[in-house]
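Below you'll find the structure, written out as structure tokens, and then a few comments.
What follows is calculated from the coordinates using simple rules that are stated; it is not laboratory data. No experiment lies behind these values; they were computed from the predicted model shown. Counting neighbours? That spans all protein chains shown, and the Cβs are built from the backbone with ideal geometry, glycine included.
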Amino acid sequence: MTLDAKVKTIDLNLYYGPFRALTDVNIEIPARNVTAIIGPSGCGKSTLLRCFNRMNDLIEHIDVRGRIMIDGENILDRDTDLIALRRKVGMVFQRPNPFSLSVYNNLKFGLRIHNMMRKKADIMRTIQESLEHVGLWDDLKDKLGVSALSLTLEQQQRLCIARVLMLRPEIILLDEPCSALDPMSTLRIEELLRVLCKEYALVIVTHNMQQAARCSDYCALMYLGRLVEFGQTQQIFTNPKEKLTEDYIRGAFG
Ligand SMILES: Nc1ncnc2c1ncn2[C@@H]1O[C@H](COP(=O)(O)OP(=O)(O)OP(=O)(O)O)[C@@H](O)[C@H]1O
Ligand SMILES: [Mg+2]
């Protein structure tokens, strides 16, 4: 498969102490698409996702081998600028995690860390753009001073995505971003992903196969730390190459 790959792992192996959580993972994440990572609990989905912005570095006794190429650079290199990496590769978590601050200050928060934008007018314009992008501007334009924690869970998750967008990322990682949301909110967030993927490489981990089928262009099935199959979502769901994929899609395990 030839893809415009934004992220490419080469023989990626990851150990938590003696436990090998990822084995020889070779995957190419395409630019401007949604890639879903699916597989049963404990198969290494979150571990793989966290590799892409080196969030795993925060865990003790971890050993990562192989290469992860983003724009021609191996981000596992010792001299990688982690702050710059995490600006470029943003992350959204399972539970919305806005800070206990106003909507405005949540959005402004990362700018200082990354030394971006000082002028109030620039900040305000970017806040508006980010909120428009996630469909929150009309709801919140007159409420930028309210606490982010007073928003609905769906609004909080949208705000967390907007907070990532403020930093002008290129890749957005989402680890089960809808698992705290109701079904209608989930569908609306999926629609948002379809909009965002026109500009960003999105990687979503999901337990929910229907969600992967609905909102992803490419799909990766993980099992016991290995990448079993990667391909276009339609192919994975209708014509899988691997027996294991077929069994998983059929609901035979997981
Ligand atoms: N910090 C850690 N230390 C030791 N082992 C870990 C750590 N984090 C994860 N693991 C183990 O690594 C394996 C992969 O975990 P991971 O969280 O990546 O799986 P997952 O596919 O995201 O699972 P889930 O669907 O339940 O979220 C599991 O066996 C897990 O127990
Ligand atoms: Mg997980």
Next item on the list: Considering only residues that are in contact with a Lys or Arg (Cβ under 7 Å, 6 or more places away or on another chain) and away from ligand 1 (no atom under 11 Å from the Cβ), look in segment 35-69 and name the one that is nearest to Val195 (Cα to Cα).
Entry: Asn53
Note to self: The conditions are (1) touching a residue at least 40 places away in the same chain (Cβ under 8 Å); (2) in a loop (DSSP other than H, G, I, E, B), and Asp142 fails exactly one of them. Which is it?
What the structure shows: (1)
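Name the one entry in Ile68, Ile75, Ile127 that is buried (at least 19 other Cβ atoms within 10 Å of the Cβ), of a type outside the set (Gly, Ala, Ser) and closer than 30 Å to Asp182 by Cα. Please lay out each step first, then the result.
On the way: Ile68 fails: closer than 30 Å to Asp182 by Cα; Ile75 fails: closer than 30 Å to Asp182 by Cα.
Selected residue: Ile127, the only one of Ile68, Ile75, Ile127 that is buried (at least 19 other Cβ atoms within 10 Å of the Cβ), of a type outside the set (Gly, Ala, Ser) and closer than 30 Å to Asp182 by Cα.
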Note to self: Six or more apart or on different chains, Cβ atoms under 6 Å: show the pairs whose first residue is in segment 32-45 and in contact (Cβ under 8 Å) with a residue 60 or more places away in the chain and whose second is away from ligand 2 (no atom under 11 Å from the Cβ) and of a type in the set (D, E, K, R).
What the structure shows: Asn33/Asp217; Val34/Asp217
Checklist line | helices (runs of 4 or more DSSP H) contained in segment 153-254 and holding at least 2 residues over 17 Å from the mean Cα position of the chain (by Cα) and not charged (D, E, K, R) | finding: 153-165, 183-196, 233-238, 243-250
